[in-house]
Structure formats: structure tokens, C-alpha cells
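Novice: Below is one structure. I have some questions about it.
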Amino acid sequence: MPSCPLPDRWTARAQVWLGTLVEVALPPTEACDARFAAAFAAIAHVHRTMSAHDAASDLARIARDAHRETVIVDPGTYAVLQLAKELWRASGGTFDVGIACILAPRGLLPASAGEAGTHRGQMDALRFESGYGVRATMPVAFDLGGIAKGYAVDRAVDALRATRASAGLVNAGGDLRIFGADHWAPIRVRHPADPTRCIPLADVCDAAVATSADYFRDSGGGLVDPRTRRMRAIPGSITVVAPTCADADALTKIVALRPTKSAAMLASHDACAFVLGDDGPEEGTSNSPSCATTCATSNAHVRLPAAAAT
């Protein structure tokens, strides 16, 4: 997961949401209870509506009823499902949130999620109707764990901007976004071969960052490959920088599963990816892992270290 040292003298507060610690930071002259409350309220709303573990969430209601009748969902859930389906189409099925039936037997989701949708093609079965209505042509069950956390970060940023905050940072367990002109944030990621140590990756400004990796998981990995319907490990780590955190969150999975075919999707979302190898430091060699990146030079939102830019 990426980390980001706070800009000098910024004020931060943290709460537990989305299964992780969420940190919101603001410049000292703009830090106030109302702004922090607005940001955390936006995060909490996504947590309640899109949790696959909550029987009252939109996802649970879709799993129970969408194949029988129209289910009216929160506008945010509607937007995330639409984005997920767009990414599913564009990636040739590589990004697929219809994987609850694969995660449930492994204890990663409630058993009811696995029972609701056991067939392939769940994304193709999803239909969108007016008034935030969702229908399905067969029983479906979705897991938004690969995109909802990033979406929640984006909504928290929107909430801060609605209070006229000129700058800020939201970090949800490593899915983070910073906004504000001229506020550059150094991004650090765990060394894939030595996850207790962080290494500098790049500086970002007005951008979002997300990382996918298997630092502390077992050999089975934590990523589902929809093509094989099996869990797989991520060699090294994948970090994506994009304009929104929802895009960055989802694109890490696409880069991890189809690295040779992801460049077009990254370009279409104005994003770039850093792929760190899992080669470890050896005596007499560099302490940094191998790094491949889609960025050849710095752009308006990403400032690469001199060695990487070269």
C-alpha cells in the first residue's frame, strides 16, 4: 500500500471505515470540525451502502431481489456499478466485480453472497433503469472491494471541496488522493521483497494513487482472475496514479492481470502505472527493486525521481 507523509504542519484526523484506517488531512488554516465531519460522513455513506458484509446494503438487496424485481439503490452504488461494467467491457472481462461466489467459499464474504450468484456472466446480466433502478436477468452477487474504497476517497474529496477547502488529502488504507494547487506529496510504497521497508516512488499533485500487492498474504494470493475463476498472487506490486481514486483502484487489478494489454486503458484514463519487481536486495546490489513504468517523463500530476525519469 502507498503511504504519503503529510505536508508540513497539516492537521490530520482518522477513523476506522471500509475495513481500514481512513485519514483526512487539511492545511492548518482550513482544519475545522465541520470539514472533517463532512469527509468522514461521505466515507461512512459508501461503507453502509456498498458493503458486501452488511445485510442491509445495496449489494445485499441486489443479490436477494434484483433477478425478481427492480431494486432502487443509492446514486453512488448506481454510479459505481455503471463504472464497473464499463471497465469490465473495456478490459475484456479482466475487471469483474461479479466474483462474490469465488470469494465466499474462502471465507472472504458471507456465505449468502456465494449462494446468490454462482454463474458466469453476471456483469452481462446487470441492467440499469431510470431512477437508480438495478435489475438482473439471473441471480447475481457483486463484490465492490476492488473499486468502492477508491470511490469513497473521491466522495470525501468532493465533500471537502464542497466546504470550499482549497487543499486536502484523504488516505483510506493506501488508496489516497491529494488535491490543491502546488501541493506535491511524496508517495512511498513497501518494498515487495521486504515489506517492512518503504521506498520512494514518485511525487504527485492533484492526483489519486492506489497499490495492489500481496505483501502479507499467503502464497494463494488475494486477487481473483475472472478468466480462471481462481485466486492468484501478484508478483511484486502494482501502483497506479490517476485523476480519481476509483479509477486508480480498479486499474491496479487490470494491470496486475493483463500487464501487456493495459497500456491503452491507462492512457484512456490519463493514468500511469509503476510495476515493482519482487527481486530482493542482495549484498553488493541496489536496495531498490526493479521498476517498470508507463511514464517515460513527468507530467502535470506526476513527478518522477531523476533515475526513473531517465
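Read-outs throughout are calculated quantities, based only on the coordinates presented, and are distinct from any laboratory measurement. Because the structure is predicted, anything quoted here is derived from the model rather than measured. Neighbour counts run over all protein chains shown; Cβ positions are idealised from the backbone, glycine included.
Novice: With a Cα-only, solvent-free Debye model of segment 192-275, what are the log10 I(q)/I(0) values at q = 0.15, 0.18, 0.23 Å⁻¹?
Specialist: -0.55, -0.78, -1.15
Novice: A further question follows. Counting other Cβ atoms within 10 Å, keep those with at most 12, restrict to DSSP loop, and tell me which trypsin sites (Lys or Arg not before Pro) in segment 1-97 are left. Don't skip to the end; give the middle numbers.
Specialist: On the way: sites: Arg9, Arg13, Arg35, Arg48, Arg61, Arg64, Arg68, Lys85, Arg89; in loops: Arg9, Arg68.
Sites meeting the loop and neighbour criteria: Arg9, Arg68.
Novice: How would you rank His45, His191, going from fewest to most other Cβ atoms within 10 Å of each one's own Cβ? Display every interim value, and only then the final one.
Specialist: On the way: His45 17, His191 21.
Placing the least packed residue first, the sequence is His45, His191.
Novice: Shifting gears a bit: Calculate the translational D of segment 1-42 in whole µm² s⁻¹ from Stokes-Einstein, where the hydrodynamic radius comes from the Kirkwood formula applied to all Cα pairs, the temperature is 10 °C and the viscosity 1.306 mPa s. Don't skip to the end; give the middle numbers.
Specialist: On the way: Rh = 11.1 Å.
The calculation lands on 143 µm²/s.
Novice: Of Cys245, Val204, Trp184, whose Cα points farthest to the positive end of the dipole of segment 165-255 (charges on the beta-carbon: +1 Lys, Arg; -1 Asp, Glu; origin at the Cα centre)?
Specialist: So the residue furthest toward the plus end is Cys245.
Novice: Could you put Cys32, Cys4, Cys205 in order, starting from the residue whose Cβ has the fewest other Cβ atoms within 10 Å? Could the numbers behind the result be given before it?
Specialist: Values: Cys32 13, Cys4 20, Cys205 16.
Final ranking by Cβ density, sparse to dense: Cys32, Cys205, Cys4.
Novice: Checking the a/c ratio against 1.5 first, then a/b against b/c, what shape does the Cα gyration tensor give for segment 1-99? All intermediate terms of the calculation are to be shown ahead of the outcome.
Specialist: Values: a/c = 2.81, a/b = 1.87, b/c = 1.51.
Since a/c reaches 1.5 and a/b is larger than b/c, the shape of segment 1-99 is classed as prolate.
Novice: Can you sort His183, His53, His301 so the residue with the fewest Cβ neighbours within 10 Å comes first? List each step's numbers first, then the result.
Specialist: Values: His183 17, His53 14, His301 20.
With the sparsest Cβ surroundings first, the list reads His53, His183, His301.
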